[in-house]
Amino acid sequence: MPLNIVHEAEGFPRIILTEPSGSSAEVLLHGGQVVSWKNDRREELLFMSSKAIWKTSKAIRGGIPVCFPQFGNLGSLEQHGFARNRLWSLDNDPSPLPAANNQSTVDLVLKSSEDDYKTWPRSFELRLRITLSAGKLTLIPRVRNLDNRPFSFTFALRNYLSVSDISEVRIEGLETLDYFDNMMRRERFTEQADAITFDGEIDRVYLSTPTKIAIIDHEKKRTFVLRKVGMPDAAVWNPWDKKAKALSDLGDEDYKTMLCVDSAAVENSIVLKPFEEWKGHQEISTVSSSYCSGQLDPSKVLRGFR
């Protein structure tokens with residue numbers, strides 16, 4: 001069954017994924033980036049900036065950008081690395097994963113180019129499988145070292161989640177953990193709160209996080225459950241009002257309806273020997289939130305949904 005590929009005026013080939021229950025996702029070859037995920041009620045689950053810049057030379061603020069081979073400014077490369085600004089290709093040989101022959105899965109690949117070699121002299125293949133199923137979006141990134149020497153990298157899937165009101169959102173699963181605070185020169189702290197809530201700018205990388213994190217949207221009575229393997233850290237970011245105004249590709253009020261919770265490998269770089277492959281796995285699912293004395297039962301959210 002052939003993929004549904006739409007060629008739009010702005011020059012971004014867009015792959016439309018669908019599945020029988022009625023949900024959909026849109027993926028760009030530019031950046032290998034998921035830019036839309038809608039549930040069976042056609043509600044958009046991912047945030048996209050009202051001022052996103054749709055140019056091939058720019059990163060698109062929203063959806064799920066791929067940060068490789070560098071997260072943030074932790075190195076000499078451009079912010080979050082170059083993978084999100086490159087044109088990816090359809091991957092016809094995703095081995096050892098079985099070939100997907102349906103309209104709910106797409107395999108993409110980014111291979112090292114001469115231009116990238118000038119700034120990051122490594123030979124690699126970065127693959128990404130994106131699969132849509134009822135109530136769930138799964139991303140499987142893989143990096144293979146094609147060099148004759150080891151190399152290291154940091155990595156993240158930056159998940160821009162759509163929320164009703166950031167002040168009504170809480171994250172559970174990161175309590176008591178250590179984190180780097182990027183607003184305090186990456187100083188290390190320990191999370192003291194029972195859950196993370198939001199009343200100002202936040203830019204942190206939580207370390208050695210559990211495989212399951214819950215993002216609870218009280219107003220929408222909806223919970224995102226983020227499951228991840230191979231990406232032990234979790235970055236949490238919201239720019240709040242002053243920073244939002246300073247970002248040219250983010251609307252002044254956009255911060256109110258977005259939250260980034262990233263699957264990341266940041267504290268310890270991933271090291272690959274020649275011809276070795278690293279594999280990560282991320283699932284985002286949504287569940288209806290049920291209230292218990294005005295608040296959600298964290299154990300139900302984090303352990304009750306298998």
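Among the residues of region 37-47, write down those that are outside any loop (DSSP other than H, G, I, E, B) and either surrounded by 13 or more Cβ atoms within 10 Å (Cβ to Cβ) or free of Cβ contacts under 8 Å to residues at least 12 places away in the same chain (or both).
Selection gives TRP37, LYS38, LEU46.
Under 6 Å between Cβ atoms, at least 6 apart or on separate chains: pull out the pairs that start in region 236-257 with a residue that is more than 14 Å from ASP199 (Cα to Cα) and without any contact (Cβ under 8 Å) to a residue 12 or more places away in the chain and end on any residue that is open to solvent by 60 Å² or more (accessible area, probe 1.4 Å) and among the aliphatic types (A, V, I, L, M).
none
Only residues that are in contact with a Ser or Thr (Cβ under 7 Å, 6 or more places away or on another chain) and open to solvent by less than 50 Å² (accessible area, probe 1.4 Å): list them for region 259-278, please.
Once the filter is applied, which keeps residues that are in contact with a Ser or Thr (Cβ under 7 Å, 6 or more places away or on another chain) and open to solvent by less than 50 Å² (accessible area, probe 1.4 Å), region 259-278 yields ALA265, VAL266, ILE270.
Residues of region 223-246 being of a type outside the set (Val, Ile, Thr), open to solvent by 20 Å² or more (accessible area, probe 1.4 Å) and under 23 Å from TYR206 (Cβ atoms), which ones?
Passing the criteria: ARG227, GLY230, PRO232, TRP240, LYS243.
Go through region 107-211 and tell me which strands (runs of 3 or more DSSP E), entirely inside it, have 1 or more residues that are out of contact with any Gly (no Cβ under 7 Å at 6 or more places or on another chain), without any contact (Cβ under 8 Å) to a residue 12 or more places away in the chain and open to solvent by 50 Å² or more (accessible area, probe 1.4 Å).
Output list reads 187-190.
Among the candidates SER50, SER21, single out the residue that is closer than 25 Å to VAL261 by Cα, out of contact with any Pro (no Cβ under 6 Å at 6 or more places or on another chain) and part of a loop (DSSP other than H, G, I, E, B).
SER50
Among (1) small (Gly, Ala, Ser); (2) touching a residue at least 60 places away in the same chain (Cβ under 8 Å); (3) within 17 Å of THR131 (Cα to Cα), which single condition is SER95 missing?
(2)
From the list ASP254, ASP233, ASP217, ASP249, which one is touching a Ser or Thr at 6+ places or on another chain (Cβ under 9 Å) and either modelled with pLDDT under 95 or among the hydrophobic types (A, V, I, L, M, F, W, C) (or both)?
Residue meeting the stated conditions: ASP249.
Quick one: which residue in GLU168, GLU187, GLU175, GLU277 is of a type in the set (D, E, K, R) and under 19 Å from SER289 (Cα atoms)?
GLU168
Do we have any residue at all in region 55-78 that's farther than 21 Å from ALA244 by Cα, assigned to a strand (DSSP E or B) and open to solvent by 30 Å² or more (accessible area, probe 1.4 Å)?
There is no residue in region 55-78 that is farther than 21 Å from ALA244 by Cα, assigned to a strand (DSSP E or B) and open to solvent by 30 Å² or more (accessible area, probe 1.4 Å).
The values are calculated or read from the model by the stated rules, or taken from the named source; none is laboratory data. Note that the coordinates shown come from a computational prediction; the quantities given were computed from them, not determined experimentally. Counting neighbours? That spans all protein chains shown, and the Cβs are built from the backbone with ideal geometry, glycine included. Please note that ligands, DNA and RNA were not included when accessible areas were found on the heavy atoms of the full protein model with its side chains. Shrake-Rupley method; radii C 1.70, N 1.55, O 1.52, S 1.80 Å.
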